[in-house]
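Presented below is the structure to which this report refers.
The values are calculated or read from the model by the stated rules, or taken from the named source; none is laboratory data. Just so you know, these numbers come straight off a predicted model, no measurement behind them. As a convention, Cβ positions derive from the backbone with ideal geometry for all residues, glycine included, and neighbour counts pool all protein chains shown.
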Amino acid sequence: MHPYKNFPDNNFWKKSVASKVYSDIDFNPSVKFKINSIDKIATAGSCFAQHIAVNLKNLGLSHFIAENPPAIITAERAAELGYGQFSARYGNIYTARQLRQLIEFAFNLRDRITIADDSHTGWIDLLRPGVDIEGHESLHELKCDRSFHLDSVKNLFTETDFFVFTLGLTEAWYDEESKIVFPVCPGTKSGKFDPNKHKFKNFSVIEVIEDLRWCIDFIAQINPRLKWIFTVSPVALSATATNKNVLVATAASKAILRAAAEEIVNHYENCDYFPSFEITTSPPSFGQFLDSDLREISMRGVHLVMRIFQKSFVNTSNQSIPTSTSIEEAREHQIISAIKAECEEALNDPLQ
């Protein structure tokens, strides 16, 4: 007799993977907590996280929006400006360091400095280029908008019940003087690249873990009921600043993020992991959930990921079953969200 004799089917490849229809695989057999319809769920992360954010409503869940648009603008205009894309108007947060500095700014643990560029359309916040698409008429207006945003982020972490964060990248560019990390390399989406000021950083496993642990430990003091759900984005790098082939650099980056996430969820009871990366990119999927560029995740992949997320984390005992009409609307909404999901990191490739 040995211990493997008593392990459940999910512990064995032949029983739980090879003999199963892919969509019937139980990717997440054991979770630490369930989400109820009344819970406030905040979202952040890389471009893949946008799919999760926009589809929560389809699962009967409450996507907590801490930063709402002014009442005078239309819903279409609000969407253009990044309202509702995530729980606050921070745009894509690709790295753990970026999340950490956002929290530090929001809770005044560091000076709320502004790094901006005076473009031909207005002043652009280089820490939020994805939502600051047209810029502001003045630097003062930009600073006011940024201050409101950071207050909203503070409110988000104070009030939310769940925080879903998608780890996207290990590669980043930062300002050498302030050590502030940018969402994307200056000069790609906006701003001007200065080799004397802007430096490249590729975070290690230890650094990612340290940043995530800092975030979790600090927020636990502010909001002890908050629970974290981590995912790793399955979207490959569009470009790398290392000396590796982009495919190899992608594998290294995802391995680092996945290892960091595993270390975190093993250490914290209030943290869990959802395997969106494994669902869409593992060998048994045969690449069927990738778009034609073999980088982005297809609509079919997003649909499967959200179905498994619901099965894993959503408490459906007190939720009504969607009608056929609402299912059709959900699918249409998913298609729209897939089209609109924006990834500034793709701009690192000048051929995009």
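Across region 246-260, what is the number of residues that are under 14 Å from Pro234 (Cα atoms), crowded, with 20+ Cβ neighbours inside 10 Å and not polar (S, T, N, Q)?
Count: 4.
Quick one: in region 156-213, of everything that is small (Gly, Ala, Ser) and surrounded by fewer than 18 Cβ atoms within 10 Å (Cβ to Cβ), which residue is modelled with the highest pLDDT? Break it down stepwise before answering.
If we filter region 156-213 for residues that are small (Gly, Ala, Ser), which is where we start, we get 168, 172, 178, 187, 190-191, 204.
Remaining after also requiring surrounded by fewer than 18 Cβ atoms within 10 Å (Cβ to Cβ): 178, 187, 204.
Numbers: Ser178: 93, Gly187: 91, Ser204: 98.
Top of the filtered list is Ser204.
Quick one: Phe200 ticks every box in (1) assigned to a loop (DSSP other than H, G, I, E, B); (2) more than 28 Å from Val265 (Cβ to Cβ) bar one, so which box is it?
Phe200 satisfies all of (1) assigned to a loop (DSSP other than H, G, I, E, B); (2) more than 28 Å from Val265 (Cβ to Cβ) except (1).
Rundown of residues vs (1) modelled with pLDDT of 95 or more; (2) surrounded by fewer than 21 Cβ atoms within 10 Å (Cβ to Cβ), yes/no style:
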residue: Ala71; (1), (2): no, yes
residue: Thr74; (1), (2): no, yes
residue: Ala78; (1), (2): no, yes
residue: Gly84; (1), (2): no, yes
residue: Ala88; (1), (2): yes, no
residue: Gly91; (1), (2): no, no
residue: Ala96; (1), (2): yes, no
residue: Phe107; (1), (2): yes, yes
residue: Ile115; (1), (2): no, yes
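Do you know which of the residues in region 1-45 that are of a type in the set (Lys, Arg), under 23 Å from the mean Cα position of the chain (by Cα) and not in a strand (DSSP E or B) is surrounded by the most Cβ atoms within 10 Å (Cβ to Cβ)? Don't jump to the end; show me each part of the working.
Initially, region 1-45 is screened for residues of a type in the set (Lys, Arg), giving 5, 14-15, 20, 32, 34, 40.
Remaining after also requiring under 23 Å from the mean Cα position of the chain (by Cα): 32, 34, 40.
With not in a strand (DSSP E or B) added as a condition, the list becomes 32, 34.
Numbers: Lys32: 14, Lys34: 12.
Result: Lys32.
Does Thr240 count as hydroxyl-bearing (Ser, Thr, Tyr) and more than 17 Å from the chain's Cα centre (by Cα)? Break it down stepwise before answering.
Values: hydroxyl-bearing (Ser, Thr, Tyr): yes; more than 17 Å from the chain's Cα centre (by Cα): yes.
Here the answer is yes, as Thr240 does meet what is asked.
Quick one: Arg97 ticks every box in (1) free of Cβ contacts under 8 Å to residues at least 40 places away in the same chain; (2) assigned to a helix (DSSP H, G or I) bar one, so which box is it?
(1)
Residues in region 126-178 that are out of contact with any strand residue (DSSP E or B) (no Cβ under 8 Å at 6 or more places or on another chain) and not in a loop (DSSP other than H, G, I, E, B): how many?
Residues flagged as out of contact with any strand residue (DSSP E or B) (no Cβ under 8 Å at 6 or more places or on another chain) and not in a loop (DSSP other than H, G, I, E, B) within region 126-178 amount to 13.
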